[in-house]
Each structure stands twice: as structure tokens, then as C-alpha cells.
Amino acid sequence: MTEKHFTPTPDQSTAFREALGCFGTGVTVITTDSAQGPRAITVNSFTSVSLDPPLVLWCLAKDSNRFDDFNASQHYSIHVMAEDQQDQALRFARDGKDFSHAEWSQDDTGRPQLSGCLARFDCQLHARHDAGDHLILVGHVEHAMYRTGKGLIFKRGQFGGFADLI
């Protein structure tokens, strides 16, 4: 096994991505309602921030073709995807406008809510923070749900699952 040492500069962006890819993450799909209809985006940059108040964050690439819809959003839902939702997560990664492959409904704020996820966090925008080529969106969790099951994991460009012990 060979270690690669480098300074993360723009010309080393591939190596930096590969190093970041060593960290396995859960897969989430964020949904919101826009003037043009429901929108979704698949992200793995999701984490808890605070228990009191209940805050979570995710990061939105500024060069995303969905940037304007999510940057303008005041309400969104974060769905922690189950292992059997890999196809759905991939489809939303490619196209955030097509919901025909998903079972979903809208809540009273218009947030699209996907069925079958392991957890869902219905958020109101709390804060936006500029962070290089991304925007950090902090959401105040207004409602949450969860269930047991295998979670969808992403590491080094591959999907896998992780089962609950219960």
C-alpha cells in the first residue's frame, strides 16, 4: 500500500477528492418546492449541528444546476436513504426535476416528502454560509421521523449498505 502525500491546491483537486472519498458517508436526498415544481438533489454532505435548537446542515455546490432552486428555498426535507433506494438516489443525482420514479407527497409547506427513507428531517432555513465553491445551508428541524433498516452508504465512488444492530 502506497501513501500519497500532497498539498490540496487546485492542481491536486483529484487527489483531494480521492482522499475525501475515503470517508464513507450516508446518502441523502434533499427536496424542496420551487416555482417550477418539486426539486431534489442527492448529497452526502449532511451532518447534525445542534440538539438545542435542533439544527442540521448540508452543502450545496455553487455550480449545481439546482443551485438557484435550493438557494431560494425556505423549507426543505432531508431524506436519509435506505439501501434499497440506491436507484432513486442515483436518478435524483442526475435529474432533480423528475419525480416519476419516486413515491412522494407534499406537506403543508409544499415540501416534497419521499416514502421509504430511513429518516427525514423537515427543515426551515436557519442560516446560509458562504464556503468556497459551496454554500452551507443550516436548517432548523421542525419535524423528524425515522425507522430501522439498512442505510445507503457511499465511499470511494461506490454504494453499499450498513444494517442496524436492532
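The values are calculated or read from the model by the stated rules, or taken from the named source; none is laboratory data. Being a predicted model, the structure only gives us computed values, none of them experimental. Please note: Cβ atoms are built from the backbone with ideal geometry, for glycine as well, and neighbour counts cover all protein chains shown.
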Report task. Report, ordered by the first and then the second residue, all pairs with beta carbons closer than 6 Å, sequence separation of six or more or different chains, a first member in segment 52-74 that is touching a residue at least 60 places away in the same chain (Cβ under 8 Å) and assigned to a loop (DSSP other than H, G, I, E, B), and a second member that is surrounded by 15 or more Cβ atoms within 10 Å (Cβ to Cβ) and among the β-branched types (Val, Ile, Thr). Result -> Pro54/Val141
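How many of the residues making up segment 44-81 are aliphatic (A, V, I, L, M), in contact with a helix residue (DSSP H, G or I) (Cβ under 9 Å, 6 or more places away or on another chain) and either crowded, with 20+ Cβ neighbours inside 10 Å or at positive phi (or both)? I'd like the intermediate steps shown before the answer.
We begin by selecting, within segment 44-81, every residue aliphatic (A, V, I, L, M); these are 49, 51, 55-57, 60-61, 72, 78, 80-81.
Pick out the ones that are also in contact with a helix residue (DSSP H, G or I) (Cβ under 9 Å, 6 or more places away or on another chain) and you get 60-61, 81.
Those still in the list that are either crowded, with 20+ Cβ neighbours inside 10 Å or at positive phi (or both) too: 60, 81.
Final tally of qualifying residues: 2.
Listed here are the residues, each with its yes/no results for (1) touching a residue at least 40 places away in the same chain (Cβ under 8 Å); (2) surrounded by 17 or more Cβ atoms within 10 Å (Cβ to Cβ); (3) in contact with a Lys or Arg (Cβ under 8 Å, 6 or more places away or on another chain).
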position	(1), (2), (3)
Ala89	yes, yes, no
Ala93	yes, no, no
Glu103	no, no, no
Ala119	yes, yes, yes
Glu142	no, no, no
Query - Out of Ser50, Ser77, sole residue that is more than 23 Å from Phe154 (Cα to Cα), of a type in the set (S, T, N, Q) and modelled with pLDDT of 95 or more - result: Ser50
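Might you let me know whether segment 139-155 holds any residue that is among the hydrophobic types (A, V, I, L, M, F, W, C) and either touching a His at 6+ places or on another chain (Cβ under 8 Å) or assigned to a loop (DSSP other than H, G, I, E, B) (or both)?
Residues of segment 139-155 that are among the hydrophobic types (A, V, I, L, M, F, W, C), as a first pass: 141, 144-145, 152-154.
Of the ones still in play, those that are also either touching a His at 6+ places or on another chain (Cβ under 8 Å) or assigned to a loop (DSSP other than H, G, I, E, B) (or both) are none.
There is no residue in segment 139-155 that is among the hydrophobic types (A, V, I, L, M, F, W, C) and either touching a His at 6+ places or on another chain (Cβ under 8 Å) or assigned to a loop (DSSP other than H, G, I, E, B) (or both).
In segment 83-108, what residues are among the small types (Gly, Ala, Ser) and part of a helix (DSSP H, G or I)?
If we filter segment 83-108 for residues that are among the small types (Gly, Ala, Ser), which is where we start, we get 89, 93, 96, 100, 102, 105.
Result: Ala89, Ala93.
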